[in-house]
Amino acid sequence: MVRKSEKQLSQHSRRMKKLISPKQVARAIGVSESTLKRWCDRGLIPMIKTAGGHRRMEVEAVVRFLRDSGHEIVEPELLGLPAAAGQTGWTLKRARQMLVPALVKGDESVARQIVFDLLLAGHSVTAIFDDVVAPAFHEIGNQWDCGDVAVYQERRACEICMRILRELRATVTSAQPTHPIAIGATLEHDIYTLPVTMAEVVLRSVGWQSTSLGTNLPSETLIESIKTARARLFWLSVSFIKDEPSFITSVNSIFETTDDVGCALAIGGQAVNETVRRKIQYTTFCETFRDLEMFAHSLNRVTTQPTPPPAVDS
Ligand code: B12
């Protein structure tokens, strides 16, 4: 069993992690409390003790356990998950096909269920975003372009998705205070909230302390944030470019700052075409969130590798 100290515990409550009792967890996954206790003793699900001496578990740790073990979930509501979560074996393709009508019709509970089922079935948030949610929004964009989807339906779909992203953010976070920091944003005139938030969730899921600063931010304030955040990675999400020359100037001044402070600049987004790419400086360009995840891993590997011993003169 992993017990946490008082200090760690207060750090936890500060981060407002959702804690539940072993009894609730046992009911949610349909096992006896003694079975659950055995799993905890074997370290399969970490347990913590509150200041008052009560045993509690983090919802995200339970979800991780369910994902890794493939264990069934009987009463998902007890973990704060959608009512039917974990009970449908979606494939990524079928999920994508079902997500589009759910989002267009504003059927939030179905949309949530699809996403959380995929997560519980062991798909990473990165795969869910790249292979299901982003293509679903591309389809919604095409339908909007053809006049088949009204503007209000598209906006509502974004709102639903943002609420799901916030839930995922709380569920998948595996970062600790010692883990590397990443910050990200979109530049002025770019008001696309989904991709910038997805990048934040992806990085959190692989152990980064990532924070999205939001959308529509002038480069000067982003530069200020990079100078103070001590971040190892800055991600710039680019879905809309209003004025190309000023966009290029902004990105290049951001790169100068990241380069100065030893922070990597990762750029991604559908508005960055080949011509723009040739005119801007960055550390890496990501076509997908998988690219971002891989880049984040490579950064971590570089900095956690032991320093090689000094060369010995022969
Ligand atoms: C939702 C939406 C909006 C919403 C956004 C609301 C919000 N809260 O975010 C609003 C209403 C604001 C909007 C406005 C407009 N939109 Co719009 N919009 C969309 C839509 C349907 C979805 C965008 C989205 O979030 N997709 C989901 C993301 C995750 O997908 P993605 O960007 O492709 O991301 C993938 C990769 O690019 C990469 N990636 C993306 N970002 C990042 C970031 C990082 C760091 C990394 C690593 C990777 C990465 O990974 C992702 C997954 O593989 C798209 C359709 C589409 N094709 O996407 C149209 C679309 C982008 N919009 C379009 C248009 C025309 C507009 C407007 C100009 C309409 C108008 N006349 O006002 C305005 C521009 C507003 C502005 N100033 O920015 C067109 C753009 C056409 C073009 N190429 O020029 C599209 C393609 C629709 C269409 N089919 O015509 N839009």
Exercise for review: Would you check if T211 is in the same structural domain as T186 (by TED's automatic domain parsing) and more than 15 Å from the chain's Cα centre (by Cα)?
Suggested key: no
Exercise for review: Considering each of F240, F289 in turn, give the residue that is within 14 Å of the ligand (Cβ to nearest atom), under 25 Å from S205 (Cα atoms), aromatic (F, W, Y) and under 23 Å from the mean Cα position of the chain (by Cα).
Suggested key: F289
Review point. Can you pull out the helices (runs of 4 or more DSSP H) entirely within segment 106-223 that have at least 3 residues that are open to solvent by less than 40 Å² (accessible area, probe 1.4 Å) and of a type outside the set (V, I, T)?
Key: 108-120, 134-145, 151-172, 193-205
Practice item. Give the residue that is farthest from the ligand (Cβ to nearest atom), with candidates limited to residues of segment 252-282 that are in a loop (DSSP other than H, G, I, E, B) and open to solvent by less than 70 Å² (accessible area, probe 1.4 Å). Key: G262
Practice item. Test each condition in (1) closer than 25 Å to W144 by Cβ; (2) open to solvent by less than 10 Å² (accessible area, probe 1.4 Å); (3) within 15 Å of the ligand (Cβ to nearest atom) for V100 and report the one that comes out false. Key: (2)
Review point. Considering E159, E154, E139, which residue is within 13 Å of the ligand (Cβ to nearest atom), free of Cβ contacts under 8 Å to residues at least 12 places away in the same chain and under 23 Å from K105 (Cα atoms)?
Key: E159
Exercise for review: Within segment 283-295, work out how many residues are open to solvent by 60 Å² or more (accessible area, probe 1.4 Å) and part of a helix (DSSP H, G or I).
Suggested key: 2
Review point. Among the numbered criteria (1) more than 10 Å from the ligand (Cβ to nearest atom); (2) under 16 Å from the mean Cα position of the chain (by Cα); (3) at pLDDT 95 or above, which single criterion is violated by H297?
Key: (3)
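The values are calculated or read from the model by the stated rules, or taken from the named source; none is laboratory data. Since we're looking at a predicted model, the values are computed, not measured. As a convention, Cβ positions derive from the backbone with ideal geometry for all residues, glycine included, and neighbour counts pool all protein chains shown. Only protein heavy atoms, including side chains, enter the accessible area calculation; ligands, DNA and RNA are left aside. Shrake-Rupley method; radii C 1.70, N 1.55, O 1.52, S 1.80 Å.
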